[in-house]
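Values in this text are rule-based calculations from the coordinates and carry no lab data. None of these values were measured; they are calculated from a predicted model. Note: ideal-geometry Cβ built from the backbone for every residue, glycine included; neighbour counts use all protein chains shown.
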Amino acid sequence: MHTFAITYVYAENPAALDEHRPAHRAYLQALATTGTVLASGPVRHDDMNGALIIVRAESSEAALALLEHDPFWVNSLVVDRAVVSWNIVIGQWAH
């Protein structure tokens, strides 16, 4: 397994984000329970509102596939996402 950092950029739709946030968090929590999601949380940069999600998967394609059923993605509340491989060498997640 490899570790990947996935970034989300959210749509500018606070009401819809609030509506779907409980299901979004429950979905990610279920993946965390299996050890697939290592961490997740909101991030902000200037005017960008989004999230950083750290996952374990076999490939970047598999990492994104894990999030295909995320309620934020399904409901078009993620307007951009990116995935990068992360080689962790220090810390509790290092291999």
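Given only helices, namely DSSP H runs of n ≥ 4 each adding -39500 (n - 2.57), what is the per-residue ellipticity at 222 nm of the chain, to the nearest 500 deg cm²/dmol? Intermediate values should be presented prior to the final figure.
Numbers: 3 runs with 31 residues, N = 95.
Estimated from H runs of four or more residues: -9500 deg cm²/dmol.
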In degrees rounded to 10, the 0-90 angle between helix 14-33 Cα long axis and the longest Cα principal axis of the chain is 20 degrees
Which of HIS24, HIS45, HIS69 fluctuates most in a GNM of the chain (C-alpha springs under 10 Å)? That residue is HIS45
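If N is the number of residues in the range 22-61, what value comes out of its Cα radius of gyration divided by 2.2 N^0.38 Å? Intermediate values should be presented prior to the final figure.
Working: Rg = 11.6 Å, N = 40, 2.2 N^0.38 = 8.9 Å.
Compactness ratio reported: 1.30.
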Percent relative contact order for the chain, counting Cα pairs under 8 Å at least six residues apart, stands at 45 percent
PRE zone check, label point 7 Å out along Cα-to-Cβ of ASN13, amide N under 19 Å, scope the range 59-95, hits 67-82
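Evaluate the charge dipole of the chain about its Cα centre and quote only its size in Debye, nearest 20, assuming +1 on the Cβ of each Lys and Arg and -1 on the Cβ of each Asp and Glu. Intermediate values should be presented prior to the final figure.
Values: 5 positive and 10 negative charges, 68 e Å.
Approximately 320 debye in magnitude.
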Among [x] 8.3; [y] 6.1; [z] 6.7, the value of mean projected area of the Cα convex hull in nm² computed for this structure carries the label [y]
